[in-house]
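In what follows, a single structure is set out as structure tokens and then discussed.
The values are calculated or read from the model by the stated rules, or taken from the named source; none is laboratory data. The model shown is predicted, which means the values in this text are computed figures rather than measured ones. Because the Cβ atoms are built from the backbone with ideal geometry, glycine has one as well, and the counts that use them run over all protein chains shown.
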């Protein structure tokens, strides 16, 4: 899987920009010149969303109504992905995002898996110490890039969750009856089981080599593992929904399910967010990203694109060396403010693009 070129129109600070990629491409420039915006565009074409904002319209150039991202990619053959982001959808094109692959209009969900990628940025540390929603998002994006059934289940689950919460509000306001929840509860339980099982299976896969990966990076014998924390056991979910119905009506919110789940990162069976040092955090995050790479590789039978956004400056020499080894045989896009942060052997192999 490789991205051959990228063309941006009215995306962030780029009104008209084109870039051809090599196996390793290093984008160098001062802060604020738009290096991360290019990285964001590649991730947008991979995951269908930004990691920097929850509002797609914020990625459109100031005083413009439409941004277009276009990539030429190659798997067994070349193809073109075109994604338009609209600030003000019209009756003719009511969707905020319009996807075309080889000129044919597609559903947005069809973007997933077209250009699988792994993103490693300074913000990635939030996977370890941020809100549970960020860890769920980490799992959901990883799974959705390789499993369309999972992506569809997740999409349907979120729709049902929204409708169920709306119904809870109507029941509280005496505009609907409690037994109307039965229909939505059945669907919620069925989809929750599929989502939780897929997430647990992914955690199990990553755990197979995670301890060894961490030990190689840290030079210690400590073991790193992930533990999935479900808010409810799937086989007991239907029973629980009945038991907490009055409380959910009062709070007009669905209190249990995969939207409330989390996973722990344990170092020698202790929560790293409570006891971990700065170095242990960085080693754990690097190990987790390697685990993500290996998971995607196993599912798509090839290497995904690796996006390293200003991460080398965050790592010490030993961790930089580990990261440089990962880049071998892996299409990688790197941003940096200083080439001295990049290992010499990696610089010599790379296409270096100065961003001004």
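Quick notes
- Selection count, the range 24-47, where residues are assigned to a loop (DSSP other than H, G, I, E, B) and under 22 Å from the mean Cα position of the chain (by Cα): 1
- When 155, 168, 181 are screened for being in contact (Cβ under 8 Å) with a residue 24 or more places away in the chain, surrounded by fewer than 16 Cβ atoms within 10 Å (Cβ to Cβ) and over 30 Å from residue 266 (Cβ atoms), only 155 passes.
- Some residue of the range 77-86 being assigned by TED's automatic domain parsing to the domain that holds residue 15, more than 23 Å from residue 293 (Cα to Cα) and in a loop (DSSP other than H, G, I, E, B): no
- Strands (runs of 3 or more DSSP E) completely within the range 251-356 that count 2 or more residues being touching a residue at least 40 places away in the same chain (Cβ under 8 Å) and surrounded by fewer than 20 Cβ atoms within 10 Å (Cβ to Cβ): 262-267, 351-354
- Positions within the range 208-223 being out of contact with any strand residue (DSSP E or B) (no Cβ under 6 Å at 6 or more places or on another chain) and assigned to a loop (DSSP other than H, G, I, E, B), in sequence order: 219, 220, 221, 223
- Applying the set (1) out of contact with any helix residue (DSSP H, G or I) (no Cβ under 8 Å at 6 or more places or on another chain); (2) surrounded by 21 or more Cβ atoms within 10 Å (Cβ to Cβ); (3) under 20 Å from residue 98 (Cβ atoms) to residue 8 leaves exactly one unmet item: (1).
- From the list 122, 89, 132, 94, the lone residue that is under 30 Å from residue 320 (Cα atoms) and modelled with pLDDT under 95 is 122.
- If you check 338, 316 for being under 28 Å from residue 222 (Cβ atoms), assigned by TED's automatic domain parsing to the domain that holds residue 28 and touching a helix residue (DSSP H, G or I) at 6+ places or on another chain (Cβ under 9 Å), only one passes: 316.
- Flag not set for residue 107, criterion: out of contact with any strand residue (DSSP E or B) (no Cβ under 9 Å at 6 or more places or on another chain) and either more than 21 Å from residue 306 (Cα to Cα) or surrounded by fewer than 13 Cβ atoms within 10 Å (Cβ to Cβ) (or both).
- Hey, residue 124 without any contact (Cβ under 8 Å) to a residue 60 or more places away in the chain and outside the structural domain of residue 331 (by TED's automatic domain parsing) or not: no
- Selection count, the range 109-131, where residues are more than 24 Å from residue 187 (Cα to Cα) and assigned to a helix (DSSP H, G or I): 9
- Being under 18 Å from residue 105 (Cβ atoms) and assigned by TED's automatic domain parsing to the domain that holds residue 22 is a property that does not hold for residue 60.
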